[in-house]
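A.B. asks: Structure incoming, see below.
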Amino acid sequence: MASDIKTVERLETAFKTEIAGYRFYSEAAATVADEKGRNIFAHLAKEELEHIKVVHGISETARSGKAWVAFDDAIRVGGTLDSGSLPIYPGQDALVERLKKNQTDLNALRIGMEIEEAATEFYSMMLKDATTPGEKVILTKLLEMEKGHLKILRWESESLMRTGFWAGQIEYSVEKELD
């Protein structure tokens with residue numbers, strides 16, 4: 001899987017998607033009213049930057065036809081990237097534009113959940129196609145991190161909306177959520 005064109009294209013898609021997520025979370029951290037929300041979005045932005053480094057590191061090795069490097073090695077290979085050196089794509093990021101049109105905490109959470117749901121589906125698809133143990137380990141780690149982000153955002157949404165309970169009984173709980 002490491003050297004085929006389809007995988008390299010998927011890694012390029014993942015790279016661009018992680019950048020969009022990083023930009024969105026950075027903007028959300030500067031936009032939302034709630035201090036706890038700002039901290040959560042800042043934390044997610046930091047983790048997305050790590051994902052960018054990993055995906056960049058894997059892309060570099062896959063593009064050269066080599067086997068995927070381990071997660072920590074991928075961070076080192078991609079480690080030259082920081083928030084100031086990310087590629088600039090023409091036009092505005094659609095996620096940030098959506099947030100600017102409706103700058104509420106709840107809208108930021110909804111967009112964040114959409115990002116993480118899409119990332120979970122994407123990495124699940126890649127994991128299903130993975131052929132080597134190294135690929136499976138890295139994709140599983142990325143997938144679990146994205147699932148963790150989704151759970152955090154769901155908790156915050158539940159807290160913000162004060163939902164999850166009906167007539168004193170828990171109706172929805174992320175803790176009891178099945179993967």
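A.B. asks: Please enumerate, by chain and number, the aspartates and glutamates with C-alpha under 15 Å from the C-alpha of residue 101, excluding those fewer than 8 residues away in the same chain.
C.D. replies: 27, 93
A.B. asks: For region 53-59, just list the computed ³J(HN,Hα) in residue order, Karplus coefficients 6.51, -1.76 and 1.60, θ = phi - 60°, integers in Hz, with x standing in for Gly and Pro.
C.D. replies: 4, 5, 5, 5, x, 5, 4
A.B. asks: Please turn the phi angles of region 141-155 into ³J(HN,Hα) values with the Karplus equation 6.51 cos²θ - 1.76 cosθ + 1.60 (θ = phi - 60°), one per residue in order, whole Hz, x for glycine and proline.
C.D. replies: Once θ is set to phi - 60°, the couplings for region 141-155 become 5, 4, 4, 5, 5, 5, 4, x, 4, 4, 4, 4, 5, 5, 4 Hz.
A.B. asks: What lysines could a cross-link reach from residue 141, if we take a straight Cα to Cα line under 25 Å and drop same-chain neighbours fewer than 8 places away?
C.D. replies: Candidates past the 8-residue exclusion: 6, 16, 46, 53, 66, 128, 151, 176.
Every number here is computed from the coordinates shown, using simple stated rules; none is lab data. Note that the structure is predicted; figures quoted are calculated from it, not measured.
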